[in-house]
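Read-outs throughout are calculated quantities, based only on the coordinates presented, and are distinct from any laboratory measurement. In this text, all values refer to a predicted model and were calculated from it rather than measured experimentally. Here the Cβ positions follow ideal geometry from the backbone for every residue, glycine too, while neighbour counts run over all protein chains shown.
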Amino acid sequence: MAALVPGFLLSGCGVKKGNGGKTYEFSSVSRGSLEKTVSSTGTLNPVSTVKVLPRMSGKVEKIFTDYNEQIKAGDVLAELNTDMLRLQREQQMASVVKARANYELQNLNFQNQKKLADKNLISEYELTSAKTTLDIQRAELAAAEASLRVIETEINQYAYITSPINGIVLERNISVGDTVVDSSNSSSTSIFTLAENLEEMQIEAAVGELDIASIHKGQPVRFTLESLPGRNFTGVVETLRMVPTVQNNVVSYTVIINVENRDGTLLPGMTCAVDFIVEQRENILMAPNAALRYQPTGLGAVEIAEMVFNAGLKNMDEDQQKAAIEARAQTKTTQSSAPQAQTQTGTGIAGLVGSSGPGVRPMGGPGGGARGTAPGNQQGGRSNAQAANVIVMKNLWYLNSEGKLEVMRVQAGITNGTNTEILSTLDLEKMQIILREKI
């Protein structure tokens, strides 16, 4: 590691007065861990739920299960009253007997007509008429028997509402005495909601369009619950639903996160504060974002631009320095009439050293950006491959050993919104940098 650059002041956070009479508040470049995240909110839900609808209409006579009870496939959940069905069955059995008697009588008549036709004692029309009547009676008997089987099926099967899966009862929407409507009716509603397994749950989180480019399958997720303060839970992104949701002109996408719930702590419907971990860095140098945003108020725009330009030259090789100086000379003429604010924001002379050399694209915005990953709120949805070539250069202001303002250009890495990674070949740890000016 390179030696510490002479002139840096080393100390912790504090307040110090410079030679210009300004009083500054300081912080230090520190070493530690940093992660970039995308924050969202979501709701816990079972991975798979089944809504149970009745297959026949009727009045609820018995209920055999309740909320949160474990059930197995085939278990009877409720029973419907079958008194009217049993009466219908007796009536239909009588219809079957009547239809069978008519069929047997007509069959006997047809056999007699057939014998007479063999002796040419009746016409072909009379024989055909007898055969047609027999077919009609046979069909009426089959229809009566089918109707009887329907009633018996309702009594023996449909009247008993059973579970289609092994799982747990999440919701019961009926009570004894309620009347339910069969599922073929448009007004039918579910009477039970079952969950297959609560040991595996999922979070449905809404992520805005500016951040969705940073989300991918298999990405680690950390989330917390208001009902369980102080506890952190983890999950993994399972899938991203491509259909957008638009609300108040804000576009968002639903991201499904798989979560383990072995101890049963997590309950359906809980609201989660979710952090998608985009990048993590260990043992890195980092500086407060406020220090990267600071600009001296006691210096003019031209003076600041000159200091920033000279600081940027230190990060270049000889050829790059020569190219930057030539470009500045050409730009001074074309931008001499530009507003002073334009120069101060880095589009004038300072813009010439906005990167560390030719072919490197700077990206503005206080607080830094990302190296190798495109943050959704700054990259405009660019892919990670495109953002990998982006280098963000920032200014760090400090007081030299004589108490005068100095600036150095550093490459910024990932940020968590409070601190930003600093990439440098210099040993900047504990370097005292200016946060703001004290009034």
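Values as computed for the structure displayed
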{"item": "Integer Hz, Karplus 6.51/-1.76/1.60 couplings in order for the stretch 208-224, x for Gly and Pro", "result": "x, 5, 6, 9, 5, 5, 8, 9, 8, 5, x, 5, x, 9, 10, 9, 10"}
{"item": "Relative contact order (percent, whole number), the stretch 19-130, Cα cutoff 8 Å, 6+ residue spacing", "result": "15 percent"}
{"item": "The stretch 174-213 residues near the modelled N248 label - backbone nitrogen below 20 Å, point 7 Å along Cα→Cβ", "result": "205-212"}
{"item": "Residue-by-residue Karplus 3J(HN,Hα) for the stretch 194-204, coefficients 6.51, -1.76, 1.60, Hz, glycine and proline x", "result": "10, 10, 6, 7, 9, 6, 10, 10, 9, 10, 9"}
{"item": "Gain in span if fully extended, E25 to R222, counting 0.36 nm per residue against the direct Cα distance", "result": "67.5 nm"}
{"item": "Across K322/K430; K51/K72; K59/K98; K22/K332; K98/K131, pairs whose alpha-carbon gap is larger than 21 Å", "result": "K322/K430; K59/K98; K22/K332"}
{"item": "Footprinting exposure proxy for V181, V410, V60, V250 (fewest neighbouring C-beta atoms within 10 Å first)", "result": "V250, V181, V60, V410"}
{"item": "Surrounding net charge for S190, when Lys and Arg each add one and Asp and Glu each subtract one, Cβ distance under 14 Å", "result": "0"}
{"item": "Sequence-distant residues sharing a close amide H with N197 (under 5 Å, placed H)", "result": "V47, S48"}
{"item": "Cut-off 11 Å between beta-carbons: net charge of the residues surrounding S33, Lys and Arg +1, Asp and Glu -1", "result": "-1"}
{"item": "Reach of K36 by Cα under 22 Å, taken over lysines that are not fewer than 8 positions away in the same chain", "result": "K217, K394"}
{"item": "Net charge over other residues, Cβ less than 12 angstrom from the Cβ of R436 (K, R count +1; D, E count -1)", "result": "+1"}
{"item": "Low-density loop positions, trypsin sites (Lys or Arg not before Pro), the stretch 111-200 - DSSP coil, at most 15 other Cβ in 10 Å", "result": "K119"}
{"item": "Length-normalised contact order for the stretch 90-224 - Cα pairs under 8 Å, 6+ apart - percent", "result": "20 percent"}
{"item": "Using θ = phi - 60° and Karplus 6.51 cos²θ - 1.76 cosθ + 1.60, couplings along the stretch 295-307 (whole Hz; Gly, Pro as x)", "result": "9, x, 8, x, 10, x, 4, 5, 5, 4, 4, 5, 5"}
{"item": "Spacing of the two label points (7 Å from each Cα toward its C-beta) at E282 and N173, in nm", "result": "5.1 nm"}
{"item": "Distance in nm between pseudo-label sites at E437 and T265 (7 Å out along the Cβ direction from Cα)", "result": "5.0 nm"}
{"item": "Length released on extending from A273 to L423, taking residue separation times 0.36 nm less the Cα-Cα span", "result": "50.9 nm"}
{"item": "Nonlocal amide H pairs with M56, under 5 Å, H built at 1.01 Å", "result": "S183"}
{"item": "Interchain or long-range residues, amide H under 5 Å from T162's placed H", "result": "L77"}
{"item": "Gain upon complete extension [E35, R293; 0.36 nm per residue less C-alpha separation]", "result": "90.9 nm"}
{"item": "A146 versus R231: modelled label distance in nm, points set 7 Å from Cα along the beta carbon direction", "result": "5.8 nm"}
